[in-house]
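Novice: Here it is, the structure in full.
The values are calculated or read from the model by the stated rules, or taken from the named source; none is laboratory data. What you see is a predicted model, and the numbers here were worked out from it, not measured in a lab. Because the Cβ atoms are built from the backbone with ideal geometry, glycine has one as well, and the counts that use them run over all protein chains shown.
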């Protein structure tokens, strides 16, 4: 049940990305190009997603446990640190350079395999590098 | 034309068509529908599996690149992403995409995206959609940070003639 729900969630997520136009790196870049030919589409995507998710959080607060597991496993929400802000800023540089974030990049593997695979391979290497640095600490 | 100057014109014109006049490239309807589906996916993950639908975290977890042990459920979520895109591509006349032409840009961007999303514990999905809608202070700060950094990056690249 849990496995099926995770697969369906990924599938719906991928379909949403494809319909929204967020799998077009130039369009995503256009949203970040506030001083140029600004493309507001990403704002509508965020708006639609936030609306549904806000409702989901409302329901979640009234549930004892998720449908297919014994307990919710959710991250903390309060601790602000340099890592959080610095890591996010670093990610933003990549996002602005290529117009790609992890979701659309992975979804693109199926439809635009060549550029997507280059980006995803480098992204996985970056994740591995972080893991390596973490273990050395 | 920037969003602030444009906003005043939108208000003056006072109807939705003004937006498409000003931004002929915008796709508000597709964006909204796609966004609702993304939110639905996040809701399935949250209420069904009890987890955040954060792509960077689940990708790392699926590949065993996270401090937690590899998790098959994460791999299934990640596998669903290209399958969902493939489904839409098959039902429509393809998914338009304009990628950067330079492999060097793809590689550098991929590297900092992998490193940054792990360091900052999330990306556009985990922080931007799931965390912001939860009103998580961490996620709001992270989202402001990557959006600002992305905007500065694009502006700098354009200023130095590297736009694509």
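Novice: Report yes if some residue within segment A:59-71 is more than 7 Å from chain B (Cβ to nearest Cβ), surrounded by 17 or more Cβ atoms within 10 Å (Cβ to Cβ), in a helix (DSSP H, G or I) and in contact with a helix residue (DSSP H, G or I) (Cβ under 7 Å, 6 or more places away or on another chain); otherwise report no.
Specialist: Among the residues of segment A:59-71, not one is more than 7 Å from chain B (Cβ to nearest Cβ), surrounded by 17 or more Cβ atoms within 10 Å (Cβ to Cβ), in a helix (DSSP H, G or I) and in contact with a helix residue (DSSP H, G or I) (Cβ under 7 Å, 6 or more places away or on another chain), which makes the answer no.
Residues are listed down the side, and each one gets a yes or a no for (1) more than 7 Å from chain A (Cβ to nearest Cβ); (2) over 16 Å from the mean Cα position of the chain (by Cα); (3) touching a residue at least 24 places away in the same chain (Cβ under 8 Å); (4) under 22 Å from residue B:146 (Cβ atoms):
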residue: B:35; (1), (2), (3), (4): no, no, no, yes
residue: B:43; (1), (2), (3), (4): no, yes, no, no
residue: B:78; (1), (2), (3), (4): no, no, no, yes
residue: B:87; (1), (2), (3), (4): no, yes, no, no
residue: B:92; (1), (2), (3), (4): yes, yes, no, no
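Novice: If a residue must be surrounded by fewer than 21 Cβ atoms within 10 Å (Cβ to Cβ), part of a loop (DSSP other than H, G, I, E, B) and more than 7 Å from chain A (Cβ to nearest Cβ), how many such residues does segment B:96-138 contain?
Specialist: Residues meeting the conditions: 3.
Novice: Inspect segment B:54-63 for any residue being at pLDDT 95 or above, more than 7 Å from every other protein chain (Cβ to nearest Cβ), surrounded by fewer than 24 Cβ atoms within 10 Å (Cβ to Cβ) and farther than 23 Å from residue A:77 by Cβ and give the result as yes or no.
Specialist: Yes, segment B:54-63 has at least one match.
Novice: Which one is farthest from the chain's Cα centre (by Cα) among residues in segment A:1-43 that are in contact (Cβ under 8 Å) with a residue 24 or more places away in the chain and farther than 25 Å from residue A:115 by Cβ?
Specialist: A:1
Novice: Which numbered condition in (1) at the interface with chain B (Cβ under 7 Å from one of its Cβ atoms); (2) in contact (Cβ under 8 Å) with a residue 12 or more places away in the chain; (3) surrounded by 23 or more Cβ atoms within 10 Å (Cβ to Cβ); (4) assigned to a helix (DSSP H, G or I) is the only one that residue A:46 fails?
Specialist: All conditions are met except number (2).
Novice: Answer with yes or no whether residue B:51 is modelled with pLDDT of 95 or more, surrounded by 24 or more Cβ atoms within 10 Å (Cβ to Cβ), assigned to a helix (DSSP H, G or I) and at the interface with chain A (Cβ under 7 Å from one of its Cβ atoms). Give the steps one after another, and end with the answer.
Specialist: Working: modelled with pLDDT of 95 or more: yes; surrounded by 24 or more Cβ atoms within 10 Å (Cβ to Cβ): yes; assigned to a helix (DSSP H, G or I): no; at the interface with chain A (Cβ under 7 Å from one of its Cβ atoms): yes.
So residue B:51 does not fit the description; no.
Novice: Considering only segment A:100-118, how many residues are at the interface with chain B (Cβ under 7 Å from one of its Cβ atoms) and over 14 Å from residue B:81 (Cβ atoms)?
Specialist: So the answer is 2.
Novice: What is the number of the single condition among (1) more than 14 Å from the chain's Cα centre (by Cα); (2) within 16 Å of residue A:50 (Cα to Cα); (3) touching a residue at least 60 places away in the same chain (Cβ under 8 Å) that residue B:131 does not meet?
Specialist: (1)
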